[in-house]
1. Taking only the stretch 1-33 into account, find how many residues are among the β-branched types (V, I, T), in contact with a Cys (Cβ under 9 Å, 6 or more places away or on another chain) and not in a helix (DSSP H, G or I).
2. Scan the stretch 85-101 and tell me whether some residue there is assigned to a strand (DSSP E or B) and in contact (Cβ under 8 Å) with a residue 24 or more places away in the chain.
3. Would you point out the residue of the stretch 65-83, among those that are crowded, with 24+ Cβ neighbours inside 10 Å and not aliphatic (A, V, I, L, M), that is nearest to the ligand (Cβ to nearest atom)?
4. Take A181 and tell me if it is crowded, with 20+ Cβ neighbours inside 10 Å and not in a helix (DSSP H, G or I).
5. Among the residues of the stretch 39-50, is there at least one that is in a strand (DSSP E or B) and over 28 Å from G171 (Cβ atoms)?
6. Quick one: count up the residues across the stretch 18-55 that are more than 9 Å from the ligand (Cβ to nearest atom), hydroxyl-bearing (S, T, Y) and crowded, with 20+ Cβ neighbours inside 10 Å.
7. More than 16 Å from the ligand (Cβ to nearest atom) and surrounded by 14 or more Cβ atoms within 10 Å (Cβ to Cβ): does that describe L132?
Amino acid sequence: MGVAAVTGSASGIGAAVRRRLESDGDRVVGVDLRDADVEADLSTRLGRDAATNGVLDACGGRLDRLVLCAGLGSHVDDLSAIVSVNYFGTVELLDSLLEALRCGERPAAVAICSNAAQIVAFDDHPLVKAMLAGDEAGARDAAAAENGFVAYAASKHALSRALRRRAVAWGDAGVRLNGIAPGATETPLLRGTEQHPVWGRGLESLAIPLGRRAQPDEIATIVAFLLGPGADYVHGSIWYADGGTDAAIRPDRF
Ligand code: NAD
């Protein structure tokens, strides 16, 4: 049917997205640290350039769909890497692959955000401001001075705003762009968080009104919908897919 690029394709949600898009008939160019068509480290500028060039080579400069799943959880030791991968590794690929998407058929992109993005008041947070200003060195320093949960949640907050800030330009370019904010989803990243002595307890304390965690395939189903013709008028939105956790925490905000 078309050509799709998927980052984080080797594991969890990205692997489920890959399977889903392939079963729908797409040729998928997977990007990941290993076990991928394009092996690149999205935590560095050089790695992002290599990822972009690898995708452009594989798709011949014409891309129909882009799904950005690569990410690190709050449990990792290197907090600076969280902002480099989750924020810069996502927005830089969005921007560097926009021209290829413009050449695609009914082109659309989806980035995986998180329902953690609104748990802390981040509006004027210096870490979020540094990311949105494109100051990776400053954001890495600011993240290193925070804890893992704040670094992770801030990266997803800034990413969600970066997506919405692109709605006008991407709409003009004819490329739809949306985010999905999953809650707890059964993947290696979630298992890493569960095993963390502090963030594991935080995770357990979060209410999930539907009473269970998501499976990666359930998130992939929403990705496929947002990329497809049924969502032709959906653009610039962040879709929560978290079993109701965000509504339970912030019932009067949306
Ligand atoms: P996962 O660990 O199963 O998969 C993440 C993938 O990203 C891995 O394949 C990993 O190799 C890749 N990756 C990490 N660092 C990279 C780098 N420097 N360069 C290239 N690739 C790199 O995790 P997941 O749960 O499937 O996470 C997918 C996305 O969903 C992430 O952005 C995560 O923040 C988000 N998310 C997950 C949950 C959850 O509960 N699992 C909830 C909300 C949001």
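1. The total comes to 4.
2. No: zero hits.
3. G71
4. Yes; evaluated as a whole, the condition is true for this residue.
5. yes
6. Of the residues in the stretch 18-55, 1 are more than 9 Å from the ligand (Cβ to nearest atom), hydroxyl-bearing (S, T, Y) and crowded, with 20+ Cβ neighbours inside 10 Å.
7. Yes: the conditions hold for L132.
Yes/no matrix, rows are residues, columns are (1) within 25 Å of V6 (Cβ to Cβ); (2) modelled with pLDDT of 95 or more; (3) away from the ligand (no atom under 16 Å from the Cβ); (4) among the acidic types (D, E):
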{"position": "P188", "(1), (2), (3), (4)": "yes, yes, no, no"}
{"position": "G200", "(1), (2), (3), (4)": "no, no, no, no"}
{"position": "T221", "(1), (2), (3), (4)": "yes, yes, no, no"}
{"position": "G228", "(1), (2), (3), (4)": "yes, yes, yes, no"}
{"position": "A231", "(1), (2), (3), (4)": "yes, yes, yes, no"}
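The values are calculated or read from the model by the stated rules, or taken from the named source; none is laboratory data. These numbers were taken from a predicted model, which means no experiment stands behind them. Because the Cβ atoms are built from the backbone with ideal geometry, glycine has one as well, and the counts that use them run over all protein chains shown.
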